[in-house]
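Laboratory data are not the source of any read-out in this text; all were calculated from the coordinates shown. Remember, predicted model here, so these are calculated numbers, not experimental data. Here the Cβ positions follow ideal geometry from the backbone for every residue, glycine too, while neighbour counts run over all protein chains shown.
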Amino acid sequence: MDASGDGVGDLAGITSKLDYISALGVDAIWLSPFYPSPMADFGYDVSNYTGVHDLFGTMTDFDELLAEAHSRNLKLIIDWVPNHTSDQHPWFAESRSSRINDKRDWYVWRDGAPDGGPPNNWMAAFRRAGRAWTFDESTGQWYLHSFLAEQPDLNWDNPEVEAAMHDTLRFWLDKGVDGFRIDVAHKIGKDPGLTDNPADVEEFTALDPMRRHDQDWPSAHERLAAIRRVVDDYPGRMIVGEVYILDLERLMDYVNASDELHLSHNFVFLHQPWDADAFRKLLEGMEELTSPEAWAAWFLNNHDHSRVATRYGPHAVRAAALLVLTLRGTPFLFQGEELGLPDAPVSPDQEVDVDGRDPERAPIPWEAPSSNGPGAGFSSGAPWLPITPEAERLNAATQSEDPGSTLSFYRRLIRLRRQTVCLQSGSFELLSSPKEGLAYVRGEAEHRMLVVINFSDAEVCFEGALAGLQGTARVALATDPESRPHEVDLRAVPLSPGEGLILHL
Ligand code: GLC
């Protein structure tokens with residue numbers, strides 16, 4: 001939400017929408033980076049870890065947002081980007097100024113290979129960025145950047161870097177933030193020998209068993225444990241890592257460790273096709289690998305990926321929400337997902353992101369364009385990215401009034417979860433079900449709830465007897481807005497295409 005009218009969302013805008021966020025029923029907000037930044041990667045290129053970018057407001061605006069959030073019992077988590085800074089950060093300016101500068105070793109500088117090329121074969125995560133190395137003419141060496149050349153990697157092998165970064169955490173912890181989302185947490189440990197990666201390692205290769213040298217090194221775990229110790233000095237704070245590893249076993253190393261991150265986002269989950277069998281296999285795999293202390297973090301939408309309404313299609317929106325909000329773990333939602341927003345079409349001349357992520361980042365339509373103008377209540381100016389053409393139907397104001405809307409469904413679903421202990425912390429048991437669907441039970445003491453979801457576009461029938469269930473059960477929530485609370489016979493529970501139900505057993 002843009003309060004200043006410059007077309008870009010800002011802190012004061014978020015503060016003005018806290019009542020909407022409260023009404024949604026969530027417990028916490030995660031803010032993407034709002035620090036001073038040249039915005040080569042939309043704030044993930046930080047030039048000052050303890051400031052606020054003018055574009056987003058002032059430190060006073062931040063303090064106000066934090067206080068207003070807390071007064072509504074909303075926690076505030078902020079994004080912390082430890083792997084790299086902006087090339088405009090004063091640390092990097094010093095580091096690149098000469099080979100003998102005190103901060104030279106705060107970044108990863110190396111001589112080129114004997115053939116004059118980069119020091120090794122590591123590639124940047126963004127395809128358009130190419131190699132992970134850039135040659136610096138003035139000092140005649142190469143520096144490492146896992147993302148853009150404007151995002152040089154900090155050298156976490158240097159204890160001074162680690163200490164300085166811990167101080168940035170303390171700055172925000174002292175202010176009272178409730179925790180951090182740690183950007184590319186698995187990348188703060190790399191092979192200090194800078195060994196080449198195996199030739200066919202590709203970023204985001206699913207289930208790649210090969211050891212990569214540019215991330216997920218054992219030192220990442222030690223460093224996360226040290227970060228946890230800093231955070232644990234402050235009661236009640238939380239760290240969630242963006243651990244973008246698509247090998248379930250390696251990911252679980254981060255989830256299972258009880259003295260590192262509290263939570264790790266599970267990208268294997270996000271990468272599943274909309275297919276019940278795929279999710280079933282993943283959930284079974286996780287159950288096998290999860291330690292009793294581990295606590296999952298589920299999500300199917302974020303600022304780096306096509307939205308569910310586009311990736312899976314509009315028919316999957318409610319069923320996907322039901323899944324994310326009833327699995328055992330902490331669910332994360334992405335702004336606008338509660339409206340069922342699709343990706344916005346972005347023409348080449350409107351593109352601003354280097355990695356094709358504009359469509360999912362398009363602003364929230366707060367009001368109908370027909371009554372509030374082309375900015376759809378997001379901005380009185382020209383929005384930084386196009387507003388979805390479906391704003392007239394999908395805007396927040398219109399959906400708020402409509403009990404059958406996706407927004408009303410999310411509100412009911414989140415309310416049910418808040419009121420129901422077994423959906424929050426109860427046990428999880430997968431049941432046998434038709435292969436087009438998923439069925440599981442969440443249980444806590446005497447209370448058990450059954451969740452059944454039909455992933456297909458045909459009707460399927462869940463037969464309770466095959467899963468050891470008998471008698472009747474009362475529907476607590478259905479994806480179908482027309483459905484009223486009713487009892488179903490567990491011998492045969494028919495599910496229409498894309499339908500999901502939560503039932504009291
Ligand atoms: C993470 C962020 C992404 C950013 C990248 C580099 O993946 O989610 O938006 O571009 O890190 O910081």
- [ ] Set the Förster distance to 45 Å, then compute FRET efficiency between Thr58 and Asp402 from the Cβ-Cβ distance, nearest 0.05.
- [x] 0.75
TODO: Return the inverse of the average 1/r over all pairs of distinct C-alpha atoms in the chain, which is the Kirkwood hydrodynamic radius, in Å to one decimal.
DONE: 24.2 Å
Task: Coordinate range along principal axes, alpha carbons of segment 117-238, Å, largest first - done: 48, 40, 26
Open item on the list: Checking the a/c ratio against 1.5 first, then a/b against b/c, what shape does the Cα gyration tensor give for segment 90-144?
Closed with: oblate
- [ ] Mind pulling the per residue volume of the convex hull built on the Cα atoms of segment 362-405? Å³ is fine.
- [x] 57 Å³
TODO: Would you please classify the overall shape of segment 338-450 from the alpha carbon gyration tensor, given that a ≥ b ≥ c denote the square roots of the eigenvalues, rounded means a/c under 1.5, and beyond that prolate means a/b larger than b/c while oblate covers the rest?
DONE: prolate
TODO: Would you work out if segment 1-143 is rounded, prolate or oblate? Take a ≥ b ≥ c from the square roots of the eigenvalues of the alpha-carbon gyration tensor; rounded if a/c is under 1.5, else prolate when a/b is larger than b/c, oblate otherwise.
DONE: prolate
Task: Difference of contour (0.36 nm per residue) and Cα-Cα distance, Asp232 to Glu137 - done: 29.9 nm
Open item on the list: Which lysines, if any, have their Cα less than 21 Å from the Cα of Lys435, not counting same-chain residues under 8 positions apart?
Closed with: Lys281
Open item on the list: With θ taken as phi - 60° and the coefficients 6.51, -1.76 and 1.60, list the Karplus ³J(HN,Hα) couplings across segment 276-282 in order, rounded to whole Hz; mark glycine and proline as x.
Closed with: 4, 4, 4, 5, 4, 4, 5
Task: Cα long-axis angle, helix 59-71 against the chain (0 to 90 degrees, to the nearest 10) - done: 30 degrees
Task: Once the Cα gyration tensor of segment 286-345 is diagonalised, semi-axes √(5λ) in Å - done: 25, 11, 10
- [ ] Compute the distance in nm between two label points, each set 7 Å from the Cα along the Cα-to-Cβ direction, one at His166 and one at Glu288.
- [x] 3.9 nm
Task: Proxy reagent accessibility, fewest Cβ within 10 Å first, across Glu392, Glu360 - done: Glu392, Glu360
Open item on the list: Tell me the Kirkwood radius of segment 427-504: reciprocal of the mean inverse pair distance over distinct alpha-carbon atoms, in Å.
Closed with: 12.4 Å
Open item on the list: Cut-off under 26 Å on the C-alpha distance; same-chain residues fewer than 8 positions from Lys75 excluded. Which lysines are left, in chain and number order?
Closed with: Lys17, Lys175
Task: Label-to-label distance, nm, for residues given as Thr50 and Arg484 (7 Å Cα→Cβ offset) - done: 6.1 nm
Task: For segment 213-262, diffusion coefficient by Stokes-Einstein and Kirkwood Rh (Cα), 37 °C, 0.692 mPa s, µm²/s - done: 286 µm²/s
Task: In nm, spacing of pseudo-spin labels at Arg412 and Asn73 (7 Å Cα→C-beta vector) - done: 2.3 nm
Task: Distant-in-sequence amide H partners of Met123 (H built 1.01 Å from N, under 5 Å) - done: Ala132
Task: Potential lengthening between Ser425 and Asp111 on full extension [0.36 nm per residue; Cα-Cα distance subtracted] - done: 107.8 nm
- [ ] State the extension gain, in nm to one decimal, for the chain segment bounded by Ala278 and Cys461, taking 0.36 nm per residue of separation less the distance between their alpha-carbons.
- [x] 64.0 nm
Open item on the list: Under 5 Å between amide hydrogens, which residues at least 5 positions from Gln141 or on another chain qualify, with H placed 1.01 Å from N in the peptide plane?
Closed with: Asp136
- [ ] Distance between Cα centroids, segment 108-149 to segment 320-340: provide it in whole Å.
- [x] 39 Å
- [ ] Under 18 Å Cα to Cα from Lys103, which lysines show up? Leave out anything in the same chain fewer than 8 places away.
- [x] none
Open item on the list: Between Ser371 and Ser22, what's the calculated FRET efficiency when r is the beta-carbon distance and R0 is 25 Å? Round to 0.05.
Closed with: 0.55
TODO: Go ahead and run the numbers for FRET between Glu444 and Arg211, Cβ-Cβ distance against an R0 of 41 Å, rounding to 0.05.
DONE: 0.50
Open item on the list: Under the rule of at least 5 residues apart or a separate chain, name every residue whose amide H is placed under 5 Å from the amide H of Gly179.
Closed with: Ile78, Met238
Open item on the list: Under the rule that an exposed site lies in a DSSP loop and has at most 15 other Cβ atoms within 10 Å, name the longest stretch of the chain with no trypsin sites (Lys or Arg not before Pro) of that kind, not counting the sites themselves.
Closed with: 212-434
